[in-house]
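Peer 1: Before I ask anything, here is the structure I am working with.
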Amino acid sequence: MKNALITGIAGQDGSYLAELLLEKGYNVYGVIRRKAVVDYGNVEHIKDKIHFIYADMVDLVSLINAMQVSQADEVYNLAAQSFVATSWEQPLATAQIDALGVANMLEAIRAVKPSCRFYQASTSEMFGMVQEIPQCETTPFYPRSPYGVAKVYGHWITKNYRESYGMYACSGILFNHESERRGKEFVTRKITDAVARIKLGVQDCMELGNLDSKRDWGHSKDYVYAMWLMLQQDAADDYVIATSETRTVREFVETAFSKVGITVEWTGTGVEETGRDKATGKIIVRVSREFFRPAEVDILLGNPGKAEKTLGWKRSISFDELVERMVRNDMELVRKEVAYNNL
């Protein structure tokens with residue numbers, strides 16, 4: 001039976017990965033930070049099946065302890081300050097967690113169990129101002145946020161430890177992947193939560209930034225399976241995980257509203273743009289400059305050919321199903337909220 005250690009286990013990807021590894025018979029250890037109130041996040045429903053270890057990505061001693069306790073055969077480093085907007089507000093904290101934290105984890109593995117296999121969660125945000133379309137493993141990086149910059153360091157330090165120390169260390173360059181467990185600070189979940197609230201009459205309008213930004217969106221459950229596959233290969237390597245399809249934020253909004261029977265009509269352009277409910281004429285979407293990035297990433301589109309060929313990976317959840325699942329989940333959550341408030 002293998003031991004796996006997951007940092008960031010309480011997040012979206014961590015929870016789906018924990019479920020996958022438990023199904024495969026692993027002993028699953030999860031790193032969580034000590035808080036005044038214990039918060040198991042997205043693994044609340046399986047917390048009794050996980051061995052939790054208090055540690056922090058900026059504290060090497062605690063990560064060494066986590067390795068000693070878990071004796072991990074596989075480490076999945078999913079811990080990060082992962083919100084791009086917050087990285088502009090907290091650039092130094094983002095660097096410490098997303099960049100130096102990776103080096104800390106690699107050092108802990110090297111000190112305790114060098115044979116352990118390591119997965120680093122890299123990101124399509126490293127491509128930023130894209131140098132080619134679509135992006136693949138050899139596309140040059142041009143990050144456009146402190147988050148993207150920090151992730152480039154994490155990606156390259158992983159490659160350096162692999163080449164310098166012979167460690168099994170690989171990175172998955174994952175393009176945007178969402179789910180019902182996505183935090184509401186992310187635009188996709190912000191949209192589906194607002195759609196549910198507008199449909200159920202508890203919110204009038206949602207405010208968004210650049211509707212023309214293009215992203216390659218998949219489902220987290222498909223992407224964590226790719227993470228596992230990467231650590232089962234004979235040799236460590238880096239892989240782009242994506243759908244090879246790109247959609248605008250506008251398309252995501254339209255698809256989400258269509259799931260509740262609302263058709264959006266657009267008027268205006270840029271920061272003056274609004275979306276109206278075609279049936280009622282009521283404004284339900286408004287563009288606000290507040291939500292534009294200081295340096296915009298206009299298009300991300302990944303080429304997963306290498307992963308499909310080498311890993312045998314294929315996404316199973318389509319864009320339409322992804323949006324439908326998220327909207328359905330938020331409709332249920334908001335209905336329960338409304339019922340509770342009406343007690």
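Peer 1: Compute the helix-to-body angle for 146-165: its Cα long axis versus the longest principal axis of the chain, expressed 0 to 90° and rounded to tens.
Peer 2: 20 degrees
Peer 1: OK, next. Give me the extension gain from Asp320 to Glu337: residue separation times 0.36 nm, minus the current Cα-Cα distance, reported in nm with one decimal.
Peer 2: Working: separation 17, 0.36 × 17 = 6.12 nm, distance 2.57 nm.
Contour length minus Cα-Cα distance gives 3.5 nm.
Peer 1: Also, I was wondering about something else. I'd like the Kirkwood hydrodynamic radius of region 214-324, using the inverse of the mean 1/r over distinct C-alpha pairs, in Å. Don't jump to the answer; show the numbers that get you there.
Peer 2: On the way: mean 1/r = 0.0609 Å⁻¹.
About 16.4 Å, per the Kirkwood formula over Cα pairs.
Peer 1: Eigenvalues of the Cα gyration tensor times 5, then square-rooted: what semi-axes does that give for region 122-230, in whole angstrom, largest first? Display every interim value, and only then the final one.
Peer 2: Numbers: eigenvalues 212, 56, 26 Å².
Output for region 122-230: semi-axes of 33, 17, 11 Å.
Peer 1: I'd like the carbon and sulfur percentage of the solvent accessible area for region 1-136, probe radius 1.4 Å, heavy atoms only, ligands and nucleic acids excluded. The partial results should precede the final answer.
Peer 2: On the way: 3000 of 5810 Å².
Of the solvent-accessible surface of region 1-136, carbon and sulfur hold 52 percent.
Peer 1: Which value at 222 nm does the chain reach when only helices count, each DSSP H run of 4 or more adding -39,500 (n - 2.57), with the total divided by all residues and rounded to the nearest 500 deg cm²/dmol? If you can, show how the numbers build up before the last one.
Peer 2: Working: 11 runs with 129 residues, N = 343.
Helix-only estimate at 222 nm: -11500 deg cm²/dmol.
Peer 1: Scan region 272-342 for trypsin sites (Lys or Arg not before Pro) in coil per DSSP, keeping those whose Cβ has at most 15 other Cβ atoms within 10 Å, and list them by number. Display every interim value, and only then the final one.
Peer 2: On the way: sites: Arg276, Lys278, Lys282, Arg286, Arg289, Lys306, Lys309, Lys314, Arg315, Arg325, Arg328, Arg335, Lys336; in loops: Lys278, Lys282, Lys314, Arg315.
Sites meeting the loop and neighbour criteria: Lys278, Lys282, Lys314.
Peer 1: Could I ask something else about it? Hey, what angle do you get for helix 187-199 against the long axis of the chain, alpha-carbon based, 0 to 90 degrees rounded to 10?
Peer 2: 40 degrees
Peer 1: Along region 66-73, what does the Karplus equation 6.51 cos²θ - 1.76 cosθ + 1.60 (θ = phi - 60°) give for ³J(HN,Hα), rounded to whole Hz, x for Gly and Pro?
Peer 2: 4, 5, 5, 5, 7, 6, 4, 8
Peer 1: Can you compute 3J(HN,Hα) from phi for each residue in region 83-89, using the Karplus curve 6.51 cos²θ - 1.76 cosθ + 1.60 with θ = phi - 60°, rounded to whole Hz and x for Gly and Pro?
Peer 2: So the Karplus estimates, Gly and Pro as x, are 9, 4, 4, 5, 5, 6, 7 Hz.
Peer 1: Also, I was wondering about something else. Among the lysines, select those whose C-alpha is under 20 Å from the C-alpha of Lys314, and discard any that sit fewer than 8 residues away in the same chain.
Peer 2: Cα-Cα hits under 20 Å: Lys24, Lys221, Lys306.
Peer 1: Still on this structure: Enumerate the amide H contacts of Ile53 below 5 Å, restricted to partners 5 or more residues apart or on another chain; note that Pro and chain-start residues carry no placed amide H.
Peer 2: It is Gly30, Val31, Ile32, by chain and number.
Peer 1: Given region 128-192, what whole percent of its Cα pairs are spread farther than 21 Å?
Peer 2: On the way: 880 of 2080 pairs.
In whole percent, the share of Cα-Cα pairs in region 128-192 beyond 21 Å is 42.
Peer 1: In percent, what relative contact order does the chain have, based on Cα pairs under 8 Å that are 6 or more apart in sequence? Let's see the in-between values first.
Peer 2: Working: 691 pairs, mean separation 56.0, N = 343.
Dividing the mean separation by the residue count of the chain yields 16 percent.
Peer 1: Give, in whole angstrom and from largest to smallest, the semi-axes √(5λ) of the equivalent ellipsoid of region 302-343, with λ running over the eigenvalues of the Cα gyration tensor.
Peer 2: 38, 8, 7
Peer 1: Moving to a separate point now. Taking the Cα centre of the chain as origin, sum charge times position over the Cβ atoms of Lys and Arg (+1) and Asp and Glu (-1), and report the length of that vector in debye to the nearest 20. Before the final figure, lay out the partial values.
Peer 2: Working: 41 positive and 46 negative charges, 101 e Å.
Around 480 debye, computed over the chain.
Peer 1: On to the next question. In nm, to one decimal, how far is the Asn65 label point from the Ser115 one, both placed 7 Å along Cα→Cβ?
Peer 2: For the pair Asn65/Ser115, the computed spacing is 2.6 nm.
Peer 1: Can you list the equivalent-ellipsoid semi-axes of region 37-136, largest first and in whole Å, using the square root of 5 times each Cα gyration tensor eigenvalue?
Peer 2: Working: eigenvalues 137, 64, 45 Å².
Its equivalent ellipsoid spans semi-axes of 26, 18, 15 Å.
Peer 1: Please tell me the relative contact order of region 27-169 in percent, rounded to the nearest whole number, where contacts are Cα pairs under 8 Å and at least six residues apart.
Peer 2: Working: 215 pairs, mean separation 32.9, N = 143.
Here the relative contact order equals 23 percent.
Peer 1: Over the alpha-carbon set of region 46-202, divide Rg by the Kirkwood Rh and report the Rg/Rh ratio to two decimals. Let's see the in-between values first.
Peer 2: Working: Rg = 17.5 Å, Rh = 17.1 Å.
Reported Rg/Rh (Cα atoms, Kirkwood Rh): 1.02.
Peer 1: Sticking with this one: Given the Cα atoms of the chain, and with Rh set as the inverse mean 1/r over their pairs in the Kirkwood sense, what is Rg to Rh to two decimals? List each step's numbers first, then the result.
Peer 2: Details: Rg = 20.4 Å, Rh = 20.9 Å.
Taking Rg over the Kirkwood Rh, I get 0.98.
Peer 1: How do 262-272, 228-238, 91-101 rank on mean C-beta neighbours within 10 Å, highest first? Mind dumping the intermediate values first?
Peer 2: Details: 262-272: 12.9, 228-238: 16.1, 91-101: 19.5.
For the peptides 262-272, 228-238, 91-101, the packing ranking is 91-101, 228-238, 262-272.
Peer 1: Work out, in µm²/s and without decimals, the Stokes-Einstein translational diffusion coefficient of region 1-88 at 37 °C, 0.692 mPa s, Rh from Kirkwood over C-alpha pairs.
Peer 2: Working: Rh = 13.2 Å.
In µm²/s, the coefficient is 249.
The values are calculated or read from the model by the stated rules, or taken from the named source; none is laboratory data. Please read these numbers as outputs of a predicted model, since none were measured by experiment. As a convention, Cβ positions derive from the backbone with ideal geometry for all residues, glycine included, and neighbour counts pool all protein chains shown. For the accessible areas, the whole protein counts, side chains as well, though only heavy atoms, and no ligand, DNA or RNA atoms are used. Shrake-Rupley method; radii C 1.70, N 1.55, O 1.52, S 1.80 Å.
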